[in-house]
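Colleague: So that we are looking at the same thing, I have put the structure below in structure tokens.
The values are calculated or read from the model by the stated rules, or taken from the named source; none is laboratory data. Just so it is clear, the structure is predicted and the values come from calculations on it, not from any experiment. All Cβ positions, glycine included, derive from the backbone under ideal geometry; neighbour counts span all protein chains shown.
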Amino acid sequence: MKIYSLANQKGGVGKTTTCLNLAMALSKIGKRVCVVDCDPQSNLSSGLGVNGSSGNIYDVFSQRKELDEIIREVNHNLFIVPSTFDLVGFETEVKEEEKKEKILKEKIIKTIKNFDYVLIDTPPSLGLLTLNALVASNSVIIPVQGEYYSLEGLTQLLKTIKKVKELLNPSLRIRGFLLTLFDRRLRLAHAVEAELRRVFKDKVFKTVVPRSVRLAEAPSFGKSVFDYAPNSKGALAYMELAKEILKGDEKKSSW
């Protein structure tokens, strides 16, 4: 089972959109996938048409329920652990607890099984929720918007990942940087791509996700882009990303 966090403390970079549509693409290829919504905004949950009122990740963090009690089926290959706005109180409530950074990891190890992939959506911050996701994960996927400030904001995230790797999760690695909301008409977008590939080389996914009206519209209907506009450029891009990830994972497992 591969556990990936989608992380970037900068908001509006397509993190939740990527988590949702990458998970759907992997499920369509035949992989069994569980997404965990660790963002109090609950956009991943609403984007898949799921309400967390009958059980959500906050119930797990507060020890009221186990993960396997609240997992909801989206389709026969895709499942979700939904979120709720109540999650905003998480950091305050557990600040005195020991191993507060490892709560999610322990819950996943204990109860989430028989999945090929677990994708964890994180809030746009580097707080305790994101830290829990990084500690629980094998790898991190970092969405980066084709704008200057996106590059500028990577420094702190990379420092956080390095500290987590050193102190809490030695196996954590960066799976890749993903260019999102990419407008090929803009010279700046190409300049950001060139700089990202210069610095991080093969850690940058070949797949580039374009800026797309269909990708932006789909969540308002509680759908992935594959259900809303399956032939759109956004859908094609996320399917290519899923294939690129699978190919890389299969190559590494054969070493």
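Colleague: Any chance you could count how many residues in the stretch 193-220 are closer than 23 Å to ALA235 by Cα and either at pLDDT below 90 or of a type outside the set (Asp, Glu) (or both)?
Modeller: Counting residues in the stretch 193-220 that are closer than 23 Å to ALA235 by Cα and either at pLDDT below 90 or of a type outside the set (Asp, Glu) (or both) gives 17.
Colleague: So, one more: May I ask you to verify whether VAL135 is closer than 14 Å to LYS105 by Cα and surrounded by 13 or more Cβ atoms within 10 Å (Cβ to Cβ)? Before you say what the answer is, go through the steps one by one.
Modeller: Values: closer than 14 Å to LYS105 by Cα: yes; surrounded by 13 or more Cβ atoms within 10 Å (Cβ to Cβ): yes.
The answer is yes for VAL135.
Colleague: Restricting attention to the stretch 96-122, which residues are acidic (Asp, Glu) and modelled with pLDDT of 85 or more? First the steps, then the outcome.
Modeller: Initially, the stretch 96-122 is screened for residues acidic (Asp, Glu), giving 96-98, 101, 106, 116, 121.
GLU101, GLU106, ASP116, ASP121, listed by residue number.
Colleague: Also, I was wondering about something else. Would you confirm whether or not the stretch 51-72 contains a residue that is farther than 26 Å from SER212 by Cα, outside any loop (DSSP other than H, G, I, E, B) and within 13 Å of the chain's Cα centre (by Cα)?
Modeller: No, the stretch 51-72 contains no residue that is farther than 26 Å from SER212 by Cα, outside any loop (DSSP other than H, G, I, E, B) and within 13 Å of the chain's Cα centre (by Cα).
Colleague: Would a scan of the stretch 24-43 turn up a residue that is surrounded by fewer than 24 Cβ atoms within 10 Å (Cβ to Cβ), at negative phi, of a type in the set (Val, Ile, Thr) and assigned to a helix (DSSP H, G or I)?
Modeller: yes
Colleague: Only one residue in LYS233, LYS203 is of a type in the set (Lys, Arg) and within 23 Å of VAL140 (Cβ to Cβ). Which one?
Modeller: Values: LYS233 fails: within 23 Å of VAL140 (Cβ to Cβ).
Just one listed residue meets the conditions, LYS203.
Colleague: Looking at the stretch 138-153, is at least one residue assigned to a helix (DSSP H, G or I), β-branched (Val, Ile, Thr) and over 23 Å from LYS233 (Cα atoms)?
Modeller: Our first condition is that a residue be assigned to a helix (DSSP H, G or I); within the stretch 138-153, this holds for 148-152.
If we keep only those that are β-branched (Val, Ile, Thr) as well, we get none.
No, there is no match, as no residue in the stretch 138-153 is assigned to a helix (DSSP H, G or I), β-branched (Val, Ile, Thr) and over 23 Å from LYS233 (Cα atoms).
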